[in-house]
1. Starting with the fewest neighbours, write out Y58, Y16 ranked by other beta-carbon atoms found within 10 Å of each beta-carbon.
2. What ³J(HN,Hα) values, in whole Hz, does the Karplus curve 6.51 cos²θ - 1.76 cosθ + 1.60 give for segment 21-31 when θ = phi - 60°, with x put for Gly and Pro?
3. Scale the Cα Rg of segment 3-65 by the rule-of-thumb value 2.2 N^0.38 Å and send over the ratio, two decimals.
4. For segment 38-50, what does the Karplus curve 6.51 cos²θ - 1.76 cosθ + 1.60, with θ = phi - 60°, yield as ³J(HN,Hα) per residue in whole Hz, taken in order and with x for Gly and Pro?
Amino acid sequence: MNMKTENSARNNYGLYAVGAGRAERNGEWGKAAELWQSAMSHARTSHCRQWAEARIAYCSNAAARGWGGINES
């Protein structure tokens, strides 16, 4: 495996986590939960997996309750 591919594989968790965080800030809870699910599948440590699981639960709850987006009060 070349270095670029190897580094890319290592950063997938981070890429998905950043996307999930952006979706959360925009109130896109369903999308955020999906991105956290992808992040969890790429997590290399138990700490990252546990964090992603907690965020999935939070975002799923927010989506189920119909929490508003960024421009709602």
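1. Fewest-to-most ranking of Y58, Y16: Y58, Y16.
2. Computed from phi, the couplings for segment 21-31 are x, 5, 4, 4, 4, 8, x, 8, 5, x, 5 Hz.
3. Values: Rg = 11.9 Å, N = 63, 2.2 N^0.38 = 10.6 Å.
For segment 3-65, the normalised Cα radius of gyration is 1.12.
4. 5, 4, 4, 5, 9, 5, 9, 10, 5, 4, 5, 4, 5
Only the coordinates and a few stated rules stand behind these numbers; no lab work does. A quick note: this is a predicted structure, and the numbers were derived from the prediction, not measured. Here the Cβ is made from the backbone with ideal geometry for all residues, glycine too, and neighbour counts use every protein chain on show.
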